Amino acid sequence: MAISAIISVSDFLSLINHALRSIPTDGMAIEGEVVDFKVSQGKWVTFDLKDEKVDAKIGCFMTTFQLMVPLAAGMKVHVKGYPKVAEKWGKLSFNVQSVELVGEGAYAKAYAALKEKLRLEGLFDAGRKRQIPRIPERIGLITSSEAAAYGDFLRILQNRFGGVTVLHVPVHVQGQFAVAEILGAFAQFNAMPPDERPDVLVLTRGGGALEDLHAFNDEQVARAVFSSAIPVVVGVGHERDESLCDFVADVRASTPSNAAELVAPDRRDIDRSIMYAYERMAGRLQYEIGRRQAGIDRSIAVLDRSISRISQDIAVLLGRFSHSFERFRLMLIQTIDHVARRQSMIEEATMRLITQARRRAAEIERLLMSLDPMRILSRGYAIVRSGGQIVKKALEVTPGTPLSIQLADGAVEAQVMTRAQQEKLL
């Protein structure tokens, strides 16, 4: 057969690659076992993908930037990409665009490898973990609004310390959108002005298998927890569940309910703390009043002894110098008058100190009593909430909105019937 055309090697390989591009690889993934895994120059990743059923394999190529999960030999994976013949070597390979782990074993190996990597980088070090505020004003909540963890967290938080503002960014906690949404939530909270930021962030979800916890074991999410300018509490599922985010977090909670217990104190503990502080202050004031009274008593005793000595001296002088009696009598009168004035001044100063101390004690008692939220409610006031948030204006609710009204002796549930603009009281 006569030769109709002569082409170069590179042109021939271009024809092959053009033909390979016509293969419909969109929506298709290749499943196989990773063998001969290598990373070159810190950016090129090569490995062979081996068929488990027959003795067949294909070389795979990708960059470290595209590799979003830790890989190791023996892992079962799904890879997506396209075939190509490298012009330099004339060898068919598969250009990988994404890798997905398959099976519990692959996830376990990837989890262990990433955990060791982050540990060596110091992300788990206890020395860098920050304390969370004892009584936060605002809490940033990152979880699914449809998950049981969301309801559990809000219920425990409300029971322990109602009135805290909860800023919720709803996210998927598993699935293809979970990682991106969680990263977006961290970015959103940390981008807030300092005076509007939450005092603490809570990342939480229910329990699940290792594959279900993929987003909480993702390297990018773990690093977002680590680099957050706001302290982070992570609570995942049940006590037996653990994720990489648990180890990186400033505070690890065993469950979503435990996360609520850790970020908000029990109001009863606060009441006891206030009472303890009041008793300590009252005792200190009583001690101070007693100490000063004792000092005044000692001063009066010294004056009494001085008066006694002066009287004795005057008597001696009168006996010794009877001819100067009138002069000494006048001196005695002046001395007694001076001592009396001094004694009167001391008594007045004593009364002022005692009065000031009692007034100060009364002021402190009134201040402590005014800080008791239940005392404010007992005067007829109430706290109105809608959806867990405190209602401050009539415009925040509409007819039909369910309300929770906190009174001094309990709470009642109500519903808005009508809404009217407030009239001036005066």
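Some points to look at:
- Some residue of segment 354-373 being surrounded by 12 or more Cβ atoms within 10 Å (Cβ to Cβ), closer than 30 Å to Arg272 by Cα and in contact with a strand residue (DSSP E or B) (Cβ under 9 Å, 6 or more places away or on another chain): yes
- Single residue of Ala301, Ala260, Ala282 found to be surrounded by 16 or more Cβ atoms within 10 Å (Cβ to Cβ) and not β-branched (Val, Ile, Thr): Ala260
- Qualifying residue in segment 417-426 (condition: surrounded by 13 or more Cβ atoms within 10 Å (Cβ to Cβ), not charged (D, E, K, R) and not in a helix (DSSP H, G or I)): no
- Filter result for Tyr287 (under 26 Å from Gly163 (Cβ atoms) and surrounded by fewer than 15 Cβ atoms within 10 Å (Cβ to Cβ)): no
- For segment 128-144, the criterion of a residue being assigned to a helix (DSSP H, G or I) and among the small types (Gly, Ala, Ser) is satisfied by no position.
- So Ile182, is it under 30 Å from Gln406 (Cα atoms), within 20 Å of the chain's Cα centre (by Cα) and among the β-branched types (Val, Ile, Thr): no
- Among the conditions (1) over 30 Å from Glu196 (Cβ atoms); (2) in a strand (DSSP E or B); (3) not basic (Lys, Arg), Phe124 misses just one, which is (2).
Conditions tested, residue by residue: (1) touching a helix residue (DSSP H, G or I) at 6+ places or on another chain (Cβ under 6 Å); (2) surrounded by fewer than 21 Cβ atoms within 10 Å (Cβ to Cβ); (3) of a type in the set (Gly, Ala, Ser).
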{"residue": "Gly140", "(1), (2), (3)": "yes, no, yes"}
{"residue": "Asp218", "(1), (2), (3)": "yes, no, no"}
{"residue": "Ser227", "(1), (2), (3)": "no, yes, yes"}
{"residue": "Val232", "(1), (2), (3)": "yes, no, no"}
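- Residue within segment 6-17 that is polar (S, T, N, Q), within 30 Å of Leu244 (Cα to Cα) and surrounded by 11 or more Cβ atoms within 10 Å (Cβ to Cβ) present: no
- Listed conditions (1) modelled with pLDDT under 85; (2) within 30 Å of Tyr111 (Cα to Cα) are all met by Val233, apart from (1).
- Residues of segment 65-92 that are assigned to a strand (DSSP E or B) and either in contact with a His (Cβ under 6 Å, 6 or more places away or on another chain) or closer than 21 Å to Lys109 by Cβ (or both): Lys76, Val77, His78, Val79, Lys80.
For every residue, the table says whether it meets (1) within 23 Å of the chain's Cα centre (by Cα); (2) in a helix (DSSP H, G or I); (3) closer than 30 Å to Gln66 by Cβ.
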| site | (1), (2), (3) |
| --- | --- |
| Val202 | yes, no, no |
| Ile230 | yes, no, no |
| Val233 | yes, no, no |
| Phe247 | yes, yes, yes |
| Glu261 | yes, yes, no |
| Ala282 | no, yes, no |
| Arg292 | no, yes, no |
| Ala301 | no, yes, no |
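The values are calculated or read from the model by the stated rules, or taken from the named source; none is laboratory data. As the structure is a prediction and not an experimental result, all values here were calculated from the model. No Cβ is skipped: glycine too gets one built from the backbone with ideal geometry, and neighbour counts run over all protein chains shown.
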